[in-house]
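Heads up, the thing below is written out as structure tokens.
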């Protein structure tokens, strides 16, 4: 007998139900450069709630005011998913978790401490006895706020097995309902990890009072394999992230774990509550928010995951798609037809297409703007792909809330002459023009923006990748800027890379302006009135 959503599960078939614990917005955000704004986290959490994720670890409330605010906001809007917050073994951390989560009907406090001899000695400077005392004190304390307490033994896969059994037994005795075994540094291999879970199942006398969980990192490329080994050994919760983002080499990828169990149910007869048809949408949402493009050959959600170029493969696919596809693209929300829309397509067909791509709820204004761009793009391109349309709509959605908009851009580039940009911006409704030269056309563009809207930010990332193939492909540009410790990520797509570059920078700048307004409204208003 165990618990999901605080409900007792007795049926045999329900014992193969795997709880999906997503940590994209906590562990995933710790990936260098993957910082997300409050608005982006709220957007992601809505998608995750719809996707069917059981537990959403919304952040580390004590880490920063931004994390606290995000966990608080997310805990208030989730309809089905249970929000969770991370806390170290300190009462201050646990109090912050409770304060951020208390508005939710159900919530989880996830507290942890290192248990490996290496971490205890060099990181914590604690003896094993002191760690034992800390578990007793802090798991018991967390239990006062909720009956849904999760405890993790950090660096679990490098922990002495007898000591781990002792700590797990104590944590359960103190009230932890979920015991998580992290492979914190991605050190273990499937056979070893399976043995760890089996040992806990066999040697911890009260293990039936808790759900065993696994949390694997991908330093050796084994995070998904290790997670599945843990599930096969008896774990019933998997901690993972969309697109596998996370510290260093990342975490186990949610989409790979879920689809592996679904595709190979003959060997892994496990079920999740994930609506797999929304996986592709979730992947794109996280990629857009973080500015991290998904590699083309990424399993499940990569651009090439359902693409076939080899003549032999194409011949097999035409005869029977099962010859080279072990799952259908539709099962993860990918449309099998690459070319559906063209320059003769009407607005109604375009709207239906958006609905198929997961944009049923967008406003008529956004549809109209995106449709106008689509018509222009269809005249320029030989092929219009789903990815092109998605990029257009995302770009239109981004611009809805902009206070600075690009009205026109001319760029002069080449050899023998200084690169020059002529730009017109609409800044708070006022048209402003500038000419600037630079060390390359992009530099000249960014200088124009700084002249028309004076500001002091650090450019941390400028990245270009093609949405689709060909010289007429749309370019998606990602820009990340930093100001006084705050970071924002902007993205834009266009067949003209320089136009996309300008719009991406402006998108990041508009987000930074919104952050300024929220954190220092009086100071922001004074700057705005000065025309800064």
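The values are calculated or read from the model by the stated rules, or taken from the named source; none is laboratory data. Bear in mind the structure is a predicted one, so any value in this text is a computation, not a measurement. Neighbour counts are summed over all protein chains in view; Cβ atoms, including those assigned to glycine, are modelled from backbone coordinates with ideal geometry.
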Which pairs turn up if I take residues in segment 283-304 that are at positive phi and look for partners that are in a loop (DSSP other than H, G, I, E, B) and surrounded by fewer than 19 Cβ atoms within 10 Å (Cβ to Cβ) with beta carbon separation below 8 Å, at least 6 apart in sequence or on another chain?
291/33
Evaluation of residue 326 against (1) modelled with pLDDT of 70 or more; (2) in a loop (DSSP other than H, G, I, E, B); (3) surrounded by 14 or more Cβ atoms within 10 Å (Cβ to Cβ) (one fails), failing number:
(3)
Can you list the strands (runs of 3 or more DSSP E) found entirely within segment 456-532 that contain at least 1 residues being over 20 Å from residue 405 (Cα atoms) and modelled with pLDDT of 85 or more?
458-466, 475-483
For segment 103-118, what are the residues that are surrounded by fewer than 17 Cβ atoms within 10 Å (Cβ to Cβ) and either without any contact (Cβ under 8 Å) to a residue 40 or more places away in the chain or under 21 Å from the mean Cα position of the chain (by Cα) (or both)?
103, 105
Subset of segment 265-285, residues within 17 Å of residue 57 (Cβ to Cβ) and either part of a loop (DSSP other than H, G, I, E, B) or in contact with a strand residue (DSSP E or B) (Cβ under 8 Å, 6 or more places away or on another chain) (or both), comes to 272, 273, 274
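This table checks each residue for (1) at pLDDT below 95; (2) within 14 Å of residue 100 (Cα to Cα).
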position	(1), (2)
33	yes, no
37	yes, no
47	no, no
60	no, yes
63	yes, yes
66	yes, yes
71	no, yes
83	no, yes
Take the residues in segment 119-163 that are more than 31 Å from the chain's Cα centre (by Cα) and within 18 Å of residue 195 (Cα to Cα); name whichever of them is surrounded by the fewest Cβ atoms within 10 Å (Cβ to Cβ).
162
Options 311, 333: the member that is surrounded by fewer than 17 Cβ atoms within 10 Å (Cβ to Cβ) and either in contact with a helix residue (DSSP H, G or I) (Cβ under 8 Å, 6 or more places away or on another chain) or modelled with pLDDT under 70 (or both)
311
Residues 395, 364: which one is surrounded by 18 or more Cβ atoms within 10 Å (Cβ to Cβ) and either under 29 Å from the mean Cα position of the chain (by Cα) or modelled with pLDDT of 80 or more (or both)?
395
Of all residues in segment 264-283, how many are surrounded by fewer than 17 Cβ atoms within 10 Å (Cβ to Cβ) and farther than 18 Å from residue 223 by Cα?
7
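Confirm whether residue 406 is within 19 Å of residue 509 (Cα to Cα) and either surrounded by 18 or more Cβ atoms within 10 Å (Cβ to Cβ) or modelled with pLDDT under 90 (or both).
yes
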